[in-house]
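The values are calculated or read from the model by the stated rules, or taken from the named source; none is laboratory data. Quick caveat: nothing in here was measured; it's all calculated off a predicted structure. With ideal geometry, Cβ positions are generated from the backbone for all residues, glycine too; neighbour counts draw on all protein chains shown.
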Amino acid sequence: MKKTFPLTIEGKNRDRVVEAVKNDIRKYMQRERRKALPPGVDFWDFDCRFGATADTAQACHVATLTELINDVAAAGGAQLYVELLAKPGQRTAKPASAQDDDAHED
């Protein structure tokens, strides 16, 4: 998904437009995650870029996307650009020290 979302649409409440943008992004991610995984892949991961325009977009983590959208909306931005590309992800084992810490918390 490579898309520029306008945040100011005549006749629509700005807050509702921002929520609709977030909903579109969530629906896209859910749709991509439902696709069959290739052999040897644990999950679908996403490469994410975000900015006011495609030229100014910078890499970010998917978990921070909602916060970034809220920041642009609060600053009064007229539009925002989101680029989400699904990629195969491989789970990695936790370091031994982190596993030991988890076991002691119980």
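For region 20-35, the condition of being over 19 Å from the mean Cα position of the chain (by Cα) and either assigned to a helix (DSSP H, G or I) or not hydroxyl-bearing (Ser, Thr, Tyr) (or both) holds for none of the residues.
Evaluated against (1) at pLDDT below 95; (2) of a type in the set (Gly, Ala, Ser); (3) closer than 19 Å to PHE5 by Cβ, ALA96 falls short on exactly one condition, (3). Only one entry in VAL21, VAL41 is modelled with pLDDT of 95 or more and either of a type in the set (D, E, K, R) or surrounded by 13 or more Cβ atoms within 10 Å (Cβ to Cβ) (or both), namely VAL21. Scanning region 80-93 for residues that are surrounded by 11 or more Cβ atoms within 10 Å (Cβ to Cβ), at pLDDT below 95, among the small types (Gly, Ala, Ser) and touching a strand residue (DSSP E or B) at 6+ places or on another chain (Cβ under 6 Å) turns up at least one hit.
The number of residues in region 60-92 being farther than 18 Å from ARG33 by Cα and of a type in the set (D, E, K, R) comes to 2. Once region 1-19 is narrowed to residues that are part of a loop (DSSP other than H, G, I, E, B) and under 17 Å from GLU83 (Cα atoms), the residue that is farthest from the chain's Cα centre (by Cα) is LEU7. Total residues in region 52-67 satisfying the condition of being touching an Asp or Glu at 6+ places or on another chain (Cβ under 9 Å) and either surrounded by 13 or more Cβ atoms within 10 Å (Cβ to Cβ) or under 15 Å from TYR28 (Cα atoms) (or both): the figure is 3. Among the conditions (1) more than 23 Å from VAL72 (Cβ to Cβ); (2) touching a residue at least 12 places away in the same chain (Cβ under 8 Å), the only one that PRO39 does not satisfy is (2).
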